[in-house]
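Trainee: Dropping a structure here in structure tokens format, bear with me for questions.
The values are calculated or read from the model by the stated rules, or taken from the named source; none is laboratory data. Predicted model only: the values in this text are computed from it and were never measured. As a convention, Cβ positions derive from the backbone with ideal geometry for all residues, glycine included, and neighbour counts pool all protein chains shown.
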Amino acid sequence: MNRKFKIVFIGIIACLIVASNPVLVHAQKTGISIDEFKAHLKFLSDDKLQGRSPGTLGGDIAAMYIASQFERCGLSPVSDEQGYFQHVPINGVRTDYSSAEFSISGNGFEETIRPYDEIMMISREEKELVSYTGELVFVGHGAIAPEYGWDDYKGIDVKGKIVVCLDNHPEFQSSGYKPGNTTYYGHWEYKPKIAFDKGATGILIIVEDNAIFPWPLMQGFYSSVYYGQNTFIAPMPLISYISENAFDKVLKHSGLSVKALAEKAANINFEPFRMNLNLRTGFKQNSKQFESPNVVGIVPGTKKPDEAVIIMAHYDHLGIGESVNHDSIYNGTIDNASGTAALLSLASYFSENPTYRSIILLATTSEEMGFQGVEYYLVNPLIPNEKIICGLNLDMLNFLGRRDSVELSPVFYTDATETIRKISRKMNLDLVLSDFDNDFINFRLDSWAFALYDVVTFNIVNIPIKGSYPSITTNELENIIKAGGLNYHTPFDEIKQWFRYDGILQELELARNIGEYYANNGIKPQFNKGNPFEPAKKLWINIYKHAVPTGL
């Protein structure tokens, strides 16, 4: 099916569904309608969209639906030819675990590691048949952090080797570091990047039992399609993740354990070492080349249309994956049909209430597999990035009820503290400020790529569950958590009976108020020196000068 016919076909489907929904057809466009939000949420998280994975019919229907709503609101498109779409080219590969073999050998032994159950792997080389062997070198946490006096690669040459490191974040032994805080030095793309720059041909990352992203989540990430045309990744030939239990089977032959390795790596004086172990693996990869659209619309500014505030949410999710309790559709209701529904609700509002500066509404594709959509947009912006005043990112909104306080990352690291505090106080919301992030929030959202362009993007996000919810009892909250909480990256992230929508309305009003302030006469916020994005800029700036500004 050619692209033009496919778009028309999907458009017919989307229009039929929209036409059958009276809430959408007759939605009031003045103010913010929670009924409109609910209608968008219901459509985007329906089983018929099969988890909105990029490159699938469900993903394309979601994109067409968003475009139809932008058109309904009268937003300006990308162009007459493209409509509301930016067609993002994607090279996808998926490991065929049924064909995979993996083993680690040492002095007089060889341990077979079970693919998928114990080891997840992928190659960033475009090969159908993959085969690698290599000597293993242990490099602690795989981090080099000069400001903390930390170097896990000191005194060793890893060229042509496969480095082994821990998945967890290093606990830097420095007065400038708060224990438990996550920085870019523990990021899942930082570790392969450093190893690749050092000449390694592969990386084996140990997922400890107490990892921030536990083994079942890693299985979900790496059993899905991986998107290869990402700007900020290292072209590492082999990337693999092994469970702690599986690697312990290997280490027992040397009288070691993962916990023993972790103890060694925790010391600032740790020195990397050759493990006298060799890895061998072979597997097939299924390749797929396709396009998946960002959906973009603009409400032109009334006085300064060449400047803009950008409001965004990713509409993609994981699609159809491993079955859990006979359910294999990863609906992604909270993550991130909720943010996309909010984006559409705000599109309705701003189309009727234009501001001095333009408002860009951006629904990105492929966030779940490496921020491909947002990075494509940043290289192909509708308004130059230096003309973007600030951004708002909507991801995993709050269904637990109204709150009495809010924490918006990365406000703490900017000069916008008092501005955001004044806006939130008018809503009877206290602004919580913290430089502590134990969950990689600063780097696991679409907003982080904007930071590389010095664009402050405020995140309205509700992961993990924290804060005070006056409208819900402690017992009710505990029951929700026991039932799976947000059901992050599982097939059970669906519309629930316990959903409260007063908290959603509160977040929509907060996003509206921040957007209106900066889209009228607000001064562009700036990052403070020492913000957590500086190491990422330093790491990537010399390789991708076409994508990242050089004014660090």
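Trainee: Does region 118-130 include one or more residues that are part of a loop (DSSP other than H, G, I, E, B), modelled with pLDDT under 95 and crowded, with 16+ Cβ neighbours inside 10 Å?
Mentor: Yes, region 118-130 has at least one match.
Trainee: Within region 393-410, does at least one residue satisfy the condition of being over 26 Å from TRP498 (Cβ atoms), modelled with pLDDT of 90 or more, among the hydrophobic types (A, V, I, L, M, F, W, C) and not in a loop (DSSP other than H, G, I, E, B)?
Mentor: Taking every residue of region 393-410 in turn, none turns out to be over 26 Å from TRP498 (Cβ atoms), modelled with pLDDT of 90 or more, among the hydrophobic types (A, V, I, L, M, F, W, C) and not in a loop (DSSP other than H, G, I, E, B).
Trainee: Out of the helices (runs of 4 or more DSSP H) lying entirely within region 1-109, which hold 1 or more residues that are closer than 30 Å to VAL130 by Cα and modelled with pLDDT of 95 or more?
Mentor: So the answer is 57-73.
Trainee: Do we have VAL432 as more than 26 Å from GLY58 (Cα to Cα), surrounded by 22 or more Cβ atoms within 10 Å (Cβ to Cβ) and not small (Gly, Ala, Ser) here?
Mentor: Criteria not met by VAL432.
Trainee: What number of residues within region 335-361 are closer than 26 Å to GLY92 by Cα and touching a helix residue (DSSP H, G or I) at 6+ places or on another chain (Cβ under 6 Å)?
Mentor: Residues that pass the stated criteria total 2.
Trainee: Could you check, for region 523-534, whether at least one of its residues is of a type outside the set (A, V, I, L, M) and either over 24 Å from the mean Cα position of the chain (by Cα) or outside the structural domain of SER447 (by TED's automatic domain parsing) (or both)?
Mentor: Yes, there is a match, as at least one residue in region 523-534 is of a type outside the set (A, V, I, L, M) and either over 24 Å from the mean Cα position of the chain (by Cα) or outside the structural domain of SER447 (by TED's automatic domain parsing) (or both).
Trainee: Please go through (1) part of a strand (DSSP E or B); (2) hydroxyl-bearing (Ser, Thr, Tyr); (3) surrounded by fewer than 22 Cβ atoms within 10 Å (Cβ to Cβ) for THR281 and return the number of the only condition it doesn't satisfy.
Mentor: Tallying (1) part of a strand (DSSP E or B); (2) hydroxyl-bearing (Ser, Thr, Tyr); (3) surrounded by fewer than 22 Cβ atoms within 10 Å (Cβ to Cβ), THR281 fails exactly one: (3).
Trainee: Taking the criterion of being buried (at least 24 other Cβ atoms within 10 Å of the Cβ) and on the phi > 0 side of the Ramachandran plot, would at least one residue in region 327-347 satisfy it?
Mentor: yes
Trainee: If I filter region 104-117 for residues that are of a type in the set (S, T, N, Q), closer than 17 Å to THR281 by Cα and surrounded by fewer than 22 Cβ atoms within 10 Å (Cβ to Cβ), do I get at least one hit?
Mentor: yes
Trainee: Could I ask something else about it? Is one or more of the residues making up region 356-378 in contact with an Asp or Glu (Cβ under 8 Å, 6 or more places away or on another chain) and among the acidic types (Asp, Glu)?
Mentor: Within region 356-378, one or more residues are in contact with an Asp or Glu (Cβ under 8 Å, 6 or more places away or on another chain) and among the acidic types (Asp, Glu).
Trainee: Suppose we filter ILE481, ILE514, ILE495, ILE460 for residues that are more than 19 Å from the chain's Cα centre (by Cα) and outside any helix (DSSP H, G or I); which single one remains?
Mentor: Sole residue among the options that is more than 19 Å from the chain's Cα centre (by Cα) and outside any helix (DSSP H, G or I): ILE495.
Trainee: Taking region 229-268 on its own, how many of its residues are at pLDDT 95 or above and part of a helix (DSSP H, G or I)?
Mentor: Summing the residues that are at pLDDT 95 or above and part of a helix (DSSP H, G or I) in region 229-268 gives 18.
Trainee: Between a first residue in region 137-156 that is over 21 Å from PHE247 (Cα atoms) and a second residue that is buried (at least 17 other Cβ atoms within 10 Å of the Cβ) and of a type in the set (S, T, N, Q), which pairs have beta carbons less than 8 Å apart while being 6 or more apart in sequence or on different chains?
Mentor: Filtered contacts from region 137-156: ALA145/THR183.
Trainee: While we're here: Check region 421-428 and report whether any residue there is surrounded by 17 or more Cβ atoms within 10 Å (Cβ to Cβ), aliphatic (A, V, I, L, M), over 30 Å from GLY176 (Cβ atoms) and in the same structural domain as TYR517 (by TED's automatic domain parsing).
Mentor: Yes, the conditions are met somewhere in region 421-428.
Trainee: Could you tell me whether any residue of region 169-176 is hydroxyl-bearing (Ser, Thr, Tyr), surrounded by fewer than 20 Cβ atoms within 10 Å (Cβ to Cβ) and within 19 Å of GLU147 (Cβ to Cβ)?
Mentor: Within region 169-176, one or more residues are hydroxyl-bearing (Ser, Thr, Tyr), surrounded by fewer than 20 Cβ atoms within 10 Å (Cβ to Cβ) and within 19 Å of GLU147 (Cβ to Cβ).
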